[in-house]
Structures are given as structure tokens and as C-alpha cells.
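This report concerns only the one structure given below.
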Amino acid sequence: MSSQQPPDEPVYDDRVYRSPMAIVTGVLMLALVAWLCGDAVLRGEGGTRWVALAIAVCAVPLIVAFTIRPAVFANDDRLRVRNPFRVIELPWAAVDTVRAGYSAEVLAEGSTYQLWSVPVSLRERKKAQRPYSRRGGLTGKGLSPDHLAGKGLSPDRGRAGAAVDGPQRAGADKVVDELRELAERGASRTGARGDVSVRWSFEIIVPAVIGAVALIVLLATG
């Protein structure tokens with residue numbers, strides 16, 4: 001009698017990871033471009049209008065690509081990374097690991113893909129770990145147990161508190177922990193099998209190139 005593999009649990013909605021600060025920055029930059037280029041188009045004369053249009057056509061896709069567009073979508077079966085110029089789809093079975101050093105990255109099939117929407121802040125990481133370092137440093141600064149007892153402190157207070165609470169985690173590190181947990185849990189799922197696929201985002205690249213070429217031509221012939 002052949003054994004049957006139990007069916008996978010249902011796949012729930014994607015978890016979406018984006019950078020709110022990047023989105024706010026992108027909206028402000030788009031508003032600035034619209035104001036400056038719009039004013040040049042309405043009030044400019046001669047070739048100024050065309051130059052302003054070319055700048056807008058080139059700048060808007062690039063601003064969107066690097067600020068509003070980046071996102072990471074994760075569910076029980078796969079990870080989809082939307083970077084400025086590419087979309088990478090990675091089934092969990094193909095993912096080797098997810099890590100955060102100076103940037104958040106996913107390693108799969110011998111390649112490394114950066115997670116643009118999960119920025120790593122070394123300052124935030126240091127700030128998050130500071131309270132843990134202070135608690136753990138009570139007995140690590142040359143203070144004897146007798147001295148701590150005389151101050152009304154338990155000799156193991158710092159170490160015990162640190163062990164119970166654990167170090168605080170920066171935002172990017174928390175996201176990476178969640179993605180790593182999803183990868184470990186989903187690697188054995190039937191729906192998580194397959195190869196990594198990479199698609200170039202021509203809807204971003206083509207307008208930016210057209211705007212850049214038009215701007216070069218206008219400046220060269222103006």
C-alpha cells in the first residue's frame with residue numbers, strides 16, 4: 001500500500017515588506033519634479049519645454065524605481081523580490097539563506113539578490129543592542145560579586161536579564177528573521193519547489209532610456 005504525502009496547508013495572503021521612509025521620499029521627489037518641470041513646460045519658451053519634458057520622462061521612472069517600487073512579497077511557498085529594475089521570484093526550496101549584513105540579501109542557486117525594500121541601518125542596529133549590552137555589562141566591567149551585593153544588586157542580574165529578554169532587534173533584522181523562518185518552514189512544501197526566475201522591468205527601463213536619449217539629443221542640438 002503506497003503512502004501518500006499529506007496535502008500542504010493553504011497558502012495565505014502575501015506578507016509585504018516596504019520602506020515607508022523611501023515611499024515618503026519618492027512622493028516628495030515626484031512632487032518636486034512635477035512642480036519644476038510643469039512650471040517649465042507651462043511658462044518656458046522654445047526648447048526649454050522639450051528639455052523639461054525629457055527630464056520628467058527620464059526622472060520619474062527612476063524615482064519610482066528606487067523609492068516607491070521596491071517591495072518584498074512572501075507567502076508559505078515563495079518569495080518575490082521587486083527591486084528597481086528586476087523582479088525575482090524564489091521558491092522557498094531554492095533559497096539557501098536570508099541574511100542581513102550591511103544589506104539584506106537572499107542567497108539562492110549560487111546567486112545573491114539584494115532586498116532593496118529592507119534597508120539595513122547600522123545606527124538602528126547599534127541603538128537596539130545598546131540596552132542589552134548595558135544589562136549584560138554589569139558583571140563585565142571588573143565589578144566583583146561582593147561589590148554588586150553591597151549595592152543591592154544580584155551578581156547575575158545583568159546576565160540573567162539579558163538572557164531572559166535577549167538583545168533587541170533592528171527593523172531589518174526582524175524582517176530577515178521572519179523571512180528565514182518562512183524559508184525553513186516552507187522548503188518542504190510541494191508548492192515551494194521550482195527554479196528561481198528573474199524578469200527585467202522594461203516598464204521602468206524603457207521610459208528612462210527614452211527620456212535620457214531625448215535629453216542628450218536636445219542638449220546637443222540646442
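Bear in mind that the values in this text are calculations on the coordinates, not laboratory data. Keep in mind that what you see is a predicted model, and the values were worked out from it rather than measured. We place every Cβ from the backbone using ideal geometry, glycine too, and count neighbours over all the protein chains shown.
Measuring between their Cα centroids, segment 53-83 and segment 88-116 lie 18 Å from each other.
Calculate how large, on average over all directions, the projected area of the Cα convex hull of segment 172-222 is; give the answer in nm² to one decimal.
Value for segment 172-222: 6.3 nm².
Which residues' amide hydrogens lie under 5 Å from the amide hydrogen of Ala104, considering only partners 5 or more residues apart or on another chain, with H built in the peptide plane? Excluding prolines and chain starts, which carry no amide H, the hits are Leu115, Val120.
If you filter segment 14-106 for chymotrypsin sites (Phe, Trp or Tyr not before Pro), then keep DSSP loop positions with at most 13 other Cβ within 10 Å, what is left? Present the calculation step by step, with values, prior to reporting the outcome.
Numbers: sites: Tyr17, Trp35, Trp50, Phe66, Phe73, Phe85, Trp92, Tyr102; in loops: Phe85, Tyr102.
Qualifying residues, ordered by number: Tyr102.
Want the number for Val209 to Glu109: 0.36 nm per residue separation, take away the alpha-carbon distance, what's left? Show your work: numbers first, answer last.
Numbers: separation 100, 0.36 × 100 = 36.00 nm, distance 3.10 nm.
Roughly 32.9 nm would be gained on extension.
Arg18 sits among other residues whose Cβ lies under 10 Å from its own Cβ, and their net charge, with Lys and Arg +1 and Asp and Glu -1, is +2.
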